[in-house]
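S.K.: My questions all concern the structure below.
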Amino acid sequence: MTEFWKEHSRGATVEEMMLDSQARELTKQELPEILSMLPCLAGSRVLELGAGIGRFTSHLLTKAGHVTAVDFMESFVERNRQDNGHHSNATFIQADVTKLEIPENSIDFVFSNWLLMYLSNEELNSFIQKALGWLRPGGFLFFRESCNHRSGDSKRDFNPTCYRTEAEYSQVVSSIQLEEPEGGQMFGFDIVFKKKVEAYVEMKNNPNQICWLLEKVPRSSSTQNGFSTFQQFLDNQQYTNRGILRYEKMFGAGYVSTGGHSTTKEFVDLLNLKPGQKVLDVGCGIGGGDFYMAKTFGVEVLGLDLSDNMVEIAMERAIKEKLPSVQFEVADATRRSFPEGSFDVIYSRDTILHIDDKLALFKRFHSWLKPGGKLLISDYCCGEKPWTPVFEAYVKQRGYVLHTPSQYGKFLEEAGFCNVLPEDRTAQFIKVIKTELQRAEAIKDEFIQEFSEEDYFAIVNGWREKLGRSNSGDQRWGLFYATRD
């Protein structure tokens, strides 16, 4: 690899560094897009790895307290130093990142662009482990990689290993854990988001340029049903690919939540959407509601879901729908950040039941909405305690955090929303489930042929149990509408 880059870094140009004849045109679109993904860097200590000639360094230096820019090619480091050495908050290092030594807990943000694909599997695991140690608790790791596809258009594009899939990168970062020497606290990475670089989609029809933002967080000894992260629990237990597709078979194409298209149409119509408005869908599932909003009302939609499986299916459907106004990303809404006033509407269906601190999330929603912006949520709720033991066990097994519809509405008011309308829609919920049970009976043979009898009764019995919980008063279903003043 060293010999390859010695030969192809003599001019230290952006075309050489990106191995792409369109490098300058790409940079105009790509650079601001990637910078917009980064968390606030004010006063932060940043470690930029694979800095190259400083395509990102100059911008990081204007935002951060200090930037250490590292690259293993001397010509790239010198070019970066020439262009950015006048900044007093910059340090330039020529080094192999696999041998780099950085003090523990000394960095706030690690930034890596097109670096990890040049590491072997052993080196990748070692690097992620080291980066976890370099970062202070609450610090972030950002990396961007080419997945399953070369990055540029040059036949010289070099990779000593294979191009990894998104899933392979995600598996590595979620599995790495580190025990701090002082106190023995375990730490790991939780995902903030994973998303594709739209500049490459638009300019090169390449959806394989993927960015991750991860946060260093404490790991509890009590895990979610044996999984180290909530995302792993969702993707391996509640929302496996098979589980998602069998839900869709019951709810209708594109839908995995109560009522499918019928409740989606009813609720979306309450929003009075206008062409060109920006909608954020939190817990987008496989995108049926987002495609409906974009096609029917001409809005732009960003769908977020923490389940990698959900978003992967949604992206496959988006290609078939040919709707560039709908985008998806794997993201944790409790950690994701957007500039104030980014959206006209925030929409969420049966998702926030998973989130503990609902008030903090609603405050984020309030900030993300434009003045006059609208919020619409449907969600699982509960009746007044005490609950039956059966319902207690159900909530614990699913990891739900439930409140009564009235308490839910109070959280929205406390978060700053006005015109808050909390509605108990449990009667509608019961009616919809009964309708879905009738439909399930009508397609029973077809469903069993496509999946299995076990899958069929898993869903049907689950619905019957929901009816029992709802009729007893334990489980409620709420619809919430609010606006930002």
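Every read-out reported here was derived from the displayed coordinates using simple, explicitly stated rules and does not represent laboratory data. Since we're looking at a predicted model, the values are computed, not measured. Cβ: placed from backbone, ideal geometry, glycine included. Neighbour counts: every protein chain shown.
S.K.: So for the chain, what are the equivalent ellipsoid semi-axes in whole Å, largest first, each being the square root of 5 times an eigenvalue of the Cα gyration tensor?
M.R.: 43, 23, 23
S.K.: Another question, then. I want the local charge near residue 46. Using Cβ-Cβ distances under 14 Å, sum +1 for each Lys or Arg and -1 for each Asp or Glu among the other residues.
M.R.: Its environment carries a net charge of +1.
S.K.: Compute the helix-to-body angle for 453-472: its Cα long axis versus the longest principal axis of the chain, expressed 0 to 90° and rounded to tens.
M.R.: Taking Cα atoms only, the helix is inclined about 60 degrees.
S.K.: How large is the charge dipole for the chain, taken about the Cα centre, if only the Cβ atoms of Lys, Arg (+1) and Asp, Glu (-1) carry charge, to the nearest 20 debye?
M.R.: The calculated dipole for the chain is roughly 960 debye.
S.K.: To continue, here is another question. Using a Cα-Cα cut-off of under 27 Å, which lysines could be cross-linked to residue 28, ignoring same-chain neighbours fewer than 8 residues away?
M.R.: Hits, sequence-local ones excluded: 6, 63, 155, 194, 195, 196, 204, 278, 322.
S.K.: On to the next question. Once both labels are modelled 7 Å past Cα along the beta-carbon direction, what's the residue 444-residue 88 spacing in nm?
M.R.: The two pseudo-label positions are separated by 7.9 nm.
S.K.: Could you calculate the FRET efficiency of residue 106 with residue 201 from 1/(1 + (r/R0)^6), where r is the beta carbon distance between them and R0 is 35 Å, rounded to 0.05?
M.R.: My answer for the efficiency is 0.45.
S.K.: Compute the length gained on full extension between residue 385 and residue 242: take 0.36 nm times their separation in residues and subtract their Cα-Cα distance, giving the result in nm to one decimal.
M.R.: Length gained between residue 385 and residue 242: 48.0 nm.
S.K.: With the contact rule set at Cα under 8 Å and sequence spacing of 6 or more, what percent relative contact order holds for region 230-483?
M.R.: Once normalised by length, the contact order is 19 percent.
S.K.: If you restrict to DSSP beta bridges whose two residues both lie in the chain, what percentage is antiparallel, to the nearest 5?
M.R.: 45 percent
S.K.: Follow-up. Using 0.36 nm per residue of separation minus the Cα-Cα distance, give me the extension gain between residue 485 and residue 42 in nm, one decimal.
M.R.: Separation in residues times 0.36 nm, less the Cα-Cα distance, equals 156.5 nm.
S.K.: Note down the nm distance, to one decimal, between modelled labels 7 Å out along Cα→Cβ at residue 33 and at residue 337.
M.R.: Output for this residue pair reads 2.2 nm.
S.K.: Could you work out the relative contact order of the chain? I mean the mean sequence separation of Cα pairs under 8 Å and 6+ apart, divided by the number of residues, in percent.
M.R.: 10 percent
S.K.: Fully extended, how many nm does the chain gain between residue 430 and residue 265 (0.36 nm per residue separation, minus their Cα-Cα distance)?
M.R.: Full extension of this stretch gives 57.6 nm more.
S.K.: In the chain, with Lys and Arg counted as +1 and Asp and Glu as -1 at Cβ, which of these residues, 461, 315, 471, has the Cα nearest the positive end of the dipole, that is, farthest along it?
M.R.: 471
S.K.: Next question. Over region 262-366, what is the relative contact order in whole percent, taking alpha-carbon pairs under 8 Å and six or more residues apart?
M.R.: It rounds to 30 percent for region 262-366.
S.K.: Determine the sum of side-chain charges near residue 262: Lys and Arg each +1, Asp and Glu each -1, restricted to other residues whose C-beta is under 14 angstrom from that of residue 262.
M.R.: +3
S.K.: Just name one of 263, 36, 143: the one whose Cα is farthest towards the positive end of the charge dipole of the chain (beta-carbon charges, Lys/Arg +1, Asp/Glu -1).
M.R.: Checking the options against the dipole of the chain, the answer is 263.
S.K.: Cut-off under 25 Å on the C-alpha distance; same-chain residues fewer than 8 positions from residue 431 excluded. Which lysines are left, in chain and number order?
M.R.: Within reach: 249, 265, 385, 444, 466.
S.K.: I would also like to ask the following. From the Cα gyration tensor of region 193-259, with a ≥ b ≥ c the square roots of its eigenvalues, which class applies: rounded if a/c is under 1.5, or else prolate if a/b is larger than b/c, or else oblate?
M.R.: It is oblate, given that a/c is not under 1.5 and a/b is not larger than b/c.
S.K.: R0 = 25 Å: FRET efficiency of residue 397 with residue 171, Cβ-based, nearest 0.05?
M.R.: Between residue 397 and residue 171 the formula returns 0.50.
S.K.: Could you tell me which of 346, 378, 401 has its Cα farthest along the dipole of region 345-401 towards the positive end, charges placed at Cβ (Lys, Arg +1; Asp, Glu -1), taken about the Cα centre?
M.R.: Farthest towards the positive end: 346.
S.K.: Further, regarding this structure: Highest first, please rank the peptides 43-52, 459-468 by the mean number of other Cβ atoms sitting within 10 Å of their residues.
M.R.: For the peptides 43-52, 459-468, the packing ranking is 43-52, 459-468.
S.K.: With r defined as the distance between the Cβ atoms of residue 21 and residue 74 and R0 fixed at 22 Å, what FRET efficiency is calculated, to the nearest 0.05?
M.R.: Plugging the Cβ-Cβ distance into 1/(1 + (r/R0)^6) gives 0.35.
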